[in-house]
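Below is one structure, written out as structure tokens, with a few remarks after it.
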Amino acid sequence: MSFTIRLLIWFKSNFVGSDSYGNRYYEEKHKKTSDGSKPRRWVVYKGNSEASKIPPEWHAWLHYRADQPLQGQIYAWQKPHLPNLTGTPYAYNPENIHGKVIELKTKKKPVYEPWKPNG
């Protein structure tokens, strides 16, 4: 984290909270500005900056959909966050689901015959 960001956090912001990933959330100290705009809200990521690692309750707070971070029940069907796996051995590969090859081409005869120029 750069020195200027640390100064901004120290002098002009209030710590609001942190999430399960270790991200820390801040809001400007001055609640109302002279022009009536809302105070700035931001996140300082732990580790690599990955916007998809912001939980929904904090996302709502960051985008002014909630005054406080939402407190909700975690359901059994909810899965933990996975980073983008594109380019890794764990990336989604539709040709190898459960060891089966998926046939993407249809074996139906086409309804039309493509035009072939005289040549």
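The values are calculated or read from the model by the stated rules, or taken from the named source; none is laboratory data. Remember, predicted model here, so these are calculated numbers, not experimental data. Heads up, the Cβs are rebuilt from the backbone with ideal geometry, glycines too, and the neighbour counts pull from every protein chain shown.
A single member of Asp35, Asp19 is touching a residue at least 24 places away in the same chain (Cβ under 8 Å) and acidic (Asp, Glu), and it is Asp19. Out of the stretch 31-72, which residues are surrounded by fewer than 10 Cβ atoms within 10 Å (Cβ to Cβ) and at positive phi? Residues satisfying the conditions are Gly36, Gly47. Restricting to the stretch 73-101, give me the number of residues that are at pLDDT below 65, loosely packed, with under 10 Cβ neighbours inside 10 Å and at negative phi. Total meeting the criteria: 3. What are the residues in the stretch 33-69 that are closer than 23 Å to Arg6 by Cα and among the charged types (D, E, K, R), if any? Once the filter is applied, which keeps residues that are closer than 23 Å to Arg6 by Cα and among the charged types (D, E, K, R), the stretch 33-69 yields Lys38, Arg40, Arg41, Lys46, Glu50, Lys53.
From the list Lys46, Lys38, Lys107, the one residue that fits, being in a loop (DSSP other than H, G, I, E, B), modelled with pLDDT under 80 and not polar (S, T, N, Q), is Lys107. Look at the stretch 44-65: where a residue is under 22 Å from Trp10 (Cα atoms) and β-branched (Val, Ile, Thr) and a partner is surrounded by 15 or more Cβ atoms within 10 Å (Cβ to Cβ) and at pLDDT 90 or above, sitting 6+ places away or on another chain with Cβ atoms under 6 Å, you get Val44/Arg24.
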